[in-house]
Amino acid sequence: MRLRELVFGAACAAAVRAAASLGIADALGEQAMTVDQLATAVQVEPRPLRRLLRALSCYGVFTETDDDRYAHTDMSRQLREDAPNSLRHIALWCTEPWTWQAWPRLDEAVRTGRNIFPDLYGKEFFDYLHTDGADSAKVFNQAMTSSSRQSAADLTAYLADLDGVSSVVDIGGGQGHVLASLLEKHPHLHGTLLDLPQVVENADPRLRPGGALADRTRLVPGDCRVEIPVRADLYIIKNILEWDDESTRRTLRNVLAAARPGARLVVVENLVDDSPSMRFTTAMDLMLLLNVGGAKHSRESMLALMTEAGLLVSDVRPVNPYLHAFESTVPA
């Protein structure tokens, strides 16, 4: 029976996506609501909505009460747009339309060891997002923003002691939530956000010209796999070393080329061999194989690549239950 449930996993994922897309969790308040009330609120037909809610409640997303009513659970609350740790955009991103085309080709990716995305769409994954997949790119950015905001506080707490550090660069830092949090906590700090041009254009408003932290911020458009034209005391690379190993090697070598001896590099990753959420992490690992030919790292693989690049790795420590920081320095 468990195997029968697993092979219908797509139905569960589709049900979560439907709930997130329809805004059911946002429409449901603190009190249980009837299916008819919910159907009116989200403008759908009551009978298929009842079927959707029944399926979701089997997985603990919403719960059925008396009198044909449904109420929130801890999981369904996380599908609310206004939840402190909302997973609504993550749920939408992991079930984007292109994923339904890619998953059936997993056997081919395993057989060949390469990503199958170019075969499906005629171009590499991120080229597709920036040219043909505008809607998907928007969902991706929302998901990454949500995830970054949630981890920024944890990473800022982890980097509490920055004595002797006057400059920091967040490599591939997206909108710069981590950088903004660090600059707010450490008034003496100057920071640089390095990411692709279309990403830094939409940086956190606090970092852009006119923002509260703009006078201590540089926004540098670029590709860290090509060059890192920034010298700093502290370099942060968080959750981007998931491409093929050669791209990771180039990025690490570029840090070494830019940094002064003794500079600190902190690589932050969620690992496939040290996480309480192994089902999610290993699923993301397989998705990376499909779309970019990348992989989530194990502790051993990350240590090997950093050591091979010439970095002096001193420690691996948890940032939170899901993220680990690899502490290293640039040799003299």
I'd like to verify a number: residues in the stretch 48-69 that are without any contact (Cβ under 8 Å) to a residue 40 or more places away in the chain, open to solvent by 60 Å² or more (accessible area, probe 1.4 Å) and closer than 16 Å to Phe8 by Cβ, how many? 3
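Let's see how each residue does on (1) within 24 Å of Leu159 (Cα to Cα); (2) out of contact with any Cys (no Cβ under 8 Å at 6 or more places or on another chain):
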{"residue": "Leu271", "(1), (2)": "yes, yes"}
{"residue": "Ser275", "(1), (2)": "yes, yes"}
{"residue": "Met287", "(1), (2)": "no, no"}
{"residue": "Asn291", "(1), (2)": "no, yes"}
{"residue": "Ala295", "(1), (2)": "no, yes"}
{"residue": "Val316", "(1), (2)": "yes, yes"}
{"residue": "Ala325", "(1), (2)": "yes, yes"}
{"residue": "Thr329", "(1), (2)": "yes, yes"}
Could you check the stretch 7-47 and list, in sequence order, the residues that are under 17 Å from Ser57 (Cα atoms), free of Cβ contacts under 8 Å to residues at least 24 places away in the same chain and open to solvent by 100 Å² or more (accessible area, probe 1.4 Å)? Phe8, Arg47
Starting from the stretch 153-168, keep only residues that are touching a residue at least 40 places away in the same chain (Cβ under 8 Å) and farther than 12 Å from Leu183 by Cα, then list their pairs with residues that are among the charged types (D, E, K, R) and open to solvent by 60 Å² or more (accessible area, probe 1.4 Å) whose Cβ atoms are within a distance under 8 Å, requiring at least 6 positions of separation or different chains. Tyr158/Arg317
Matching residues, the stretch 224-238, being within 19 Å of Pro197 (Cα to Cα) and buried (at least 17 other Cβ atoms within 10 Å of the Cβ): Cys224, Arg225, Ile228, Val230, Ile236, Ile237, Lys238
In the stretch 294-319, anything hydroxyl-bearing (Ser, Thr, Tyr) and loosely packed, with under 15 Cβ neighbours inside 10 Å is listed as Thr307, Ser314
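Per-residue answers, yes or no, for (1) surrounded by 16 or more Cβ atoms within 10 Å (Cβ to Cβ); (2) more than 17 Å from the chain's Cα centre (by Cα); (3) within 30 Å of His188 (Cβ to Cβ); (4) in contact (Cβ under 8 Å) with a residue 24 or more places away in the chain:
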{"residue": "Gly262", "(1), (2), (3), (4)": "no, yes, yes, yes"}
{"residue": "Phe280", "(1), (2), (3), (4)": "no, no, no, no"}
{"residue": "Val292", "(1), (2), (3), (4)": "yes, no, no, yes"}
{"residue": "Pro321", "(1), (2), (3), (4)": "no, no, no, yes"}
{"residue": "Pro331", "(1), (2), (3), (4)": "no, yes, yes, yes"}
Find the residue count for the stretch 239-254, including only residues that are open to solvent by 80 Å² or more (accessible area, probe 1.4 Å) and either in a loop (DSSP other than H, G, I, E, B) or modelled with pLDDT under 95 (or both). 0
For the stretch 202-237, give me each residue that is in a loop (DSSP other than H, G, I, E, B), among the β-branched types (Val, Ile, Thr) and closer than 20 Å to Leu155 by Cβ. Ile228, Val230
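The values are calculated or read from the model by the stated rules, or taken from the named source; none is laboratory data. Because the structure is a prediction, the values reported are computed rather than measured. Counting neighbours? That spans all protein chains shown, and the Cβs are built from the backbone with ideal geometry, glycine included. All accessible areas refer to the heavy atoms of the entire protein, side chains included, with ligands and DNA or RNA removed. Shrake-Rupley method; radii C 1.70, N 1.55, O 1.52, S 1.80 Å.
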